[in-house]
Amino acid sequence: MLLALAAAGNLADSPQDPNELKVMLQGGPADALATLVRDAGGMVTHKLPIIDAVGASVTRDQLDQLIGSPLVQRHIDDLARTDDSPEEPEDPAEACYVAGALDLEMSPDGLNWRLYKREDETVALSELAMTWPAVLGEISALSVAGKKITDRQLRGQEAGSITLSFTADTAPKVTEHTQLTASFANKVPDVFWKNVAQSDFGIVITISDDCKTELIPGYRDNHNNSYFPTVVGADALHRHGITGRGVTVAVLDSGLWETGEIANNTAGEPRIIGRYDAINDIEGESVFDASGHGTHMTSIVAHSGPVLVDNKPTGSFKGIAPDVSLVTVKAFDDAGQGEFLDIARGVQWVVDNKERYNIRVLNLSFAALPRWPYWLDPVNQAVMRAWAAGITVVAAAGNDGPEPMTIGSPGNLPYVITVGAVTDSWTLDTRDDDYIPDFSAQGPTPDAHLKPDIVAPGGHISGITRPGSSLTEELPQYLLKTGEFVMTGTSQASALVSGIVALLLQIDPELSPDDVKCMLTSSAEPAINADGRLAYSPFQQGHGYVSATRAITLGQRGCGNADLDLAAEIAGTEHFQGPAIVDNAGQVSLPGLDSMLSGEVPEKGLSETRKWGVKEHIERLPNGEDNPTQSDDSPFDWAGMYQDEAAAIEALASDPTPMEAAKP
């Protein structure tokens, strides 16, 4: 997640006088506060009636005068600086001097792997290890960074593998962006190169003990298939005509590159119906995406390009909800920085224009270190009004994991749908190697609420971004040769869930935000170990792995925010603490957590004990699905849940009315 919610940056019309303070004043009606600021000689920068506040630029003397007014019940006067920018998801290559491209170019001529140097100084390799299909024979020619590996160095190869150690004199030296090329002794039929996968090859470049760059397994065809719609079951809905048509999603981010498969739906019709620049308070003009992050998030939600397998359409699409209408709101700059006053103004615009554009979903793929209790956070206050207006808000958990209590704002708001990340280890045929990566932020929130609510695919998610954007310039190794950009983080996971929300709303436009949250959380699939206990705590996985199809078939209503009172919250008469327990040493727990949670440390990758979901857990037990019984002393009645789910699916099979009714 490359966006950092921060209170730093330049207001569009703020003076540069160092004696001026950037402040927020809250209390009386925004119009009255604006008049108060002007009468005191200050400049109003933001009018925020959604939270009864204004942003202003004032001197210290003017501020002292203003806070003496009974209209001002609260002020924040340190908006010119912040230490709240969260870190990016940790990339193992970040600490290394050389990064390898995510894709390997393979052809009858051999291999070509692009390498990108991160530092100014020259970098020398200490070791190179490669593996390949033995049918190709030995490597006949190999070069790294323009330096040919000698025939003498290539001697002694084993079938399908080689490891080369270099001295200071023989080491290839990387001085700029370059490549590794290899060709093989055996000529094989062209069909081999059509069917071979990147995962059939292995390359590891070692610079030092703590600096290695490794070729990732990759997907077979990231150009024609984005894969993540299949992982969450959205592809099956696409083939039933459930594509988000009739629903508008607002993406509050860094702007949008209005290119074909984002600008148009699956029928080629224009579908960007609203644009707002919250930084400069300009409506209706295109919002240039200097960063590229906003375009990538929108692509995950709405990419309308067809999925092709063997060059044939499958009936599915590359985005989760390819026919939604789009509203884009810009509140972040090219570096991914944004002021919370701009963000609040963007949320206000979305609420003000909900009916005009039929905005039903608001995607917030960013997070920052919480500075206040959730009910005092100005962005959270605005987001609560959006939820109350009938807009389902989806927020990223943040990328500051794996420590507890790292959930960012606005994901710390108990009402919204907060999404953590899971990665599939580049495999689609099994979920046994799907795991929660370390970067995914963990709960509880500072106010003891359980977060995230769910986890969703957030590892190596491909999509569209603007060529030449900050992202592509800073991270060229993530730009595939076919033009897609691959990113990892809870930003991607939350955008994916926003797309699923749009699918649910197409099926039933009467769903409230609380209904949607209940459907997603009640149908999510927890990670369960063989002992019948949870593989991850609720602070890590929430209710579990999201599923679009399960949300429709098994999702319940009535449980979303049932223990909260939004009206009282907005009125300021009541605020809520969650059930988490934090002891004096900072350790977090829940009542009964020890009996719920397995004592095993979850594997990062393939697991012989972890299964996602009740069905997979029960059907791997010795008694099998014909006689599912609880074979352990787990506190969960997984067998009973399994039977309930099977009965619900059987009943739906005899009456598929909801999905049939939603077809266009």
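Please get the size of the charge dipole for the chain, origin at its Cα centre, with Cβ charges of +1 on Lys and Arg and -1 on Asp and Glu, quoted in debye to the nearest 20. Kindly include the intermediate steps, with their values, before the conclusion.
Values: 45 positive and 94 negative charges, 289 e Å.
Dipole size: approximately 1380 debye.
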Original post:
What are the ³J(HN,Hα) values, in whole Hz, obtained from phi via the Karplus relation 6.51 cos²θ - 1.76 cosθ + 1.60 with θ = phi - 60°, for each residue of the range 452-467 in sequence order, with x given for Gly and Pro?
Top reply: x, 7, 8, 10, 8, x, x, x, 6, 9, 8, x, 8, 9, 6, x
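If one computes P(r) from the Cα atoms of the range 250-324, what percent of pairs lie at distances over 22 Å?
Here the tail beyond 22 Å accounts for 25 percent of pairs.
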Original post:
Which Cα, out of Ser523, Ala580, Gly560, lies furthest along the positive dipole direction of the range 507-582 (beta carbon charges, K/R +1, D/E -1)?
Top reply: Ser523
Original post:
Tell me which lysines have Cα within less than 23 Å of Lys212's Cα, excluding those fewer than 8 residues away on the same chain?
Top reply: Lys117, Lys147, Lys148, Lys173, Lys481, Lys604
Subject >> the range 354-369 - phi-based ³J(HN,Hα) in whole Hz, Karplus 6.51/-1.76/1.60, Gly and Pro as x >> reply: 4, 6, 4, 10, 6, 6, 10, 9, 10, 9, 10, 8, 7, 7, 9, 4
Subject >> Amide H within-cut-off set for Ile282, under 5 Å, with H built and near neighbours excluded >> reply: Asp277
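Taking every eigenvalue of the Cα gyration tensor of the range 91-204, multiplying by 5 and rooting it, what semi-axes result, largest first, whole Å? Walk me through the intermediate numbers first.
Details: eigenvalues 117, 59, 26 Å².
Sorted largest first and rounded, they come to 24, 17, 11 Å.
Which loop-located trypsin sites (Lys or Arg not before Pro) does the range 119-213 contain, where loop means any DSSP state but H, G, I, E or B and the Cβ has at most 13 other Cβ atoms within 10 Å? Let's see the in-between values first.
Working: sites: Lys147, Lys148, Arg152, Arg155, Lys173, Lys187, Lys194, Lys212; in loops: Arg155, Lys187.
Listed in order of number, the matching sites are Arg155, Lys187.
Using only alpha carbon pairs under 8 Å that are at least six residues apart, calculate the relative contact order of the range 351-460 and give it in whole percent.
Working: 236 pairs, mean separation 28.8, N = 110.
Dividing the mean separation by the residue count of the range 351-460 yields 26 percent.
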Original post:
Taking H as built 1.01 Å from N, whose amide H comes closer than 5 Å to the amide H of Tyr536, not counting residues under 5 places away?
Top reply: Ala527
Original post:
Counting only protein heavy atoms, what percent of the accessible surface of the chain is carbon or sulfur at a 1.4 Å probe?
Top reply: 48
Original post:
Hey, what did the chain get for relative contact order, percent, Cα under 8 Å, at least 6 apart?
Top reply: 13
Subject >> Shape call, the range 458-554: gyration tensor on alpha carbons, a/c limit 1.5 >> reply: oblate
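Under 12 Å from the Cβ of Ser512, count the other residues' Cβ atoms, weight Lys and Arg +1, Asp and Glu -1, and hand me the total.
On the way: positive: Arg360, Lys517, Arg557; negative: Asp508, Glu510, Asp514, Asp515.
That sum, taken over residues with Cβ under 12 Å, equals -1.
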Original post:
Normalised by the residues of the range 263-407, what does the relative contact order come to in percent, with Cα pairs under 8 Å and at least six apart?
Top reply: 20
Subject >> Cα-based reach from Lys354 at 20 Å (exclusive), listing aspartates and glutamates while leaving out same-chain residues under 8 positions away >> reply: Asp52, Asp253, Asp277, Asp281, Glu283, Glu285, Asp323, Asp342, Asp508, Glu510, Asp514, Asp515
Original post:
In whole Å, what three semi-axes, largest first, describe the equivalent ellipsoid of the range 424-489 built from its Cα gyration tensor (square root of 5 times each eigenvalue)?
Top reply: 28, 18, 8
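Sort 307-313, 51-57 by packing, meaning the average of other beta carbons within 10 Å per residue, with the highest value first. Kindly include the intermediate steps, with their values, before the conclusion.
Details: 307-313: 12.0, 51-57: 25.4.
Highest mean packing first, the order is 51-57, 307-313.
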Subject >> Ranked order, Asp77, Asp655 - accessible area, probe 1.4 Å, largest first >> reply: Asp655, Asp77
Subject >> Charge dipole of the chain about the Cα centre (unit charges at C-beta), most positive-ward option of Leu652, Ser598, Val327 >> reply: Val327
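For the chain, how big is Rg over Rh, using alpha carbon atoms and the Kirkwood form of Rh?
Ratio of gyration radius to Kirkwood radius: 1.00.
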**OP:** Report, ordered by chain and residue number, the lysines lying within cross-link reach of Lys312, taken as a straight Cα distance under 19 Å and ignoring same-chain residues fewer than 8 apart.
**Re:** Lys194
Original post:
Which whole-angstrom value gives the distance between the alpha carbon centres of the range 420-464 and the range 128-184?
Top reply: 36
Original post:
So if we plug the beta-carbon distance of Ala389 and Ser69 into 1/(1 + (r/R0)^6) with R0 = 30 Å, what FRET efficiency do we get, rounded to 0.05?
Top reply: 0.50
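The values are calculated or read from the model by the stated rules, or taken from the named source; none is laboratory data. Just so you know, these numbers come straight off a predicted model, no measurement behind them. All Cβ positions, glycine included, derive from the backbone under ideal geometry; neighbour counts span all protein chains shown. These accessible areas exclude ligands, DNA and RNA; they are computed on the full protein's heavy atoms, side chains included. Shrake-Rupley method; radii C 1.70, N 1.55, O 1.52, S 1.80 Å.
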